[in-house]
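To start, the structure under review is shown below, and the notes come after it.
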Amino acid sequence: MNNVKLQLNQRTSQRLLCSLLLFALVFVLLGFCDDTIWFREDDLGTILGGIIRSWHDVVRVFLADCRSFITPCNYQRTEPNVISGFLRPLQNVVFSVVYYFWGVDARAYYLVHVAIHAANAALLCALLSSWLPVSLSFCAGL
């Protein structure tokens, strides 16, 4: 019985170490590969238009089409549907948190974006390692 527990603990620690290594590798390689990070076309408008400052703003970003944040208020667009509508309320929650701490520093938004992708890679590795060998799971996450 103790031998089985020891093997499970070793497997769990291998999975955790592999996932953490994958997160660090992806974050460092992608997060610091470029030193000329800046906003593109509509990024700044999306960030500043979707900032959450009150409970009213929380309701607004969860009900609004995010295209409303980047265009003038007098612009008339078609009504959003399943294909054209961009309901991304959690994006505005993350942007508001980053804005609160770092303002409009483009590198901060980029690093948060990379951290989310690195976390997804690590979670995929951890999930796959339940069924596959750790080395194959690491490659799949990578």
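Remarks
- ARG107-THR36 pseudo-label distance in nm [points 7 Å out on the Cα-to-Cβ vector]: 1.6 nm
- Total formal charge among the other residues, if their Cβ is under 14 angstrom from that of TYR110, Lys/Arg +1 and Asp/Glu -1: -2
Bear in mind these aren't lab numbers, they're just calculated from the coordinates by the rules spelled out. If you're wondering where the values come from, they're calculated on a predicted model, not measured in any experiment. When we count neighbours, we look across all protein chains shown, and the Cβ atoms used for this are built from the backbone with ideal geometry, even at glycine.
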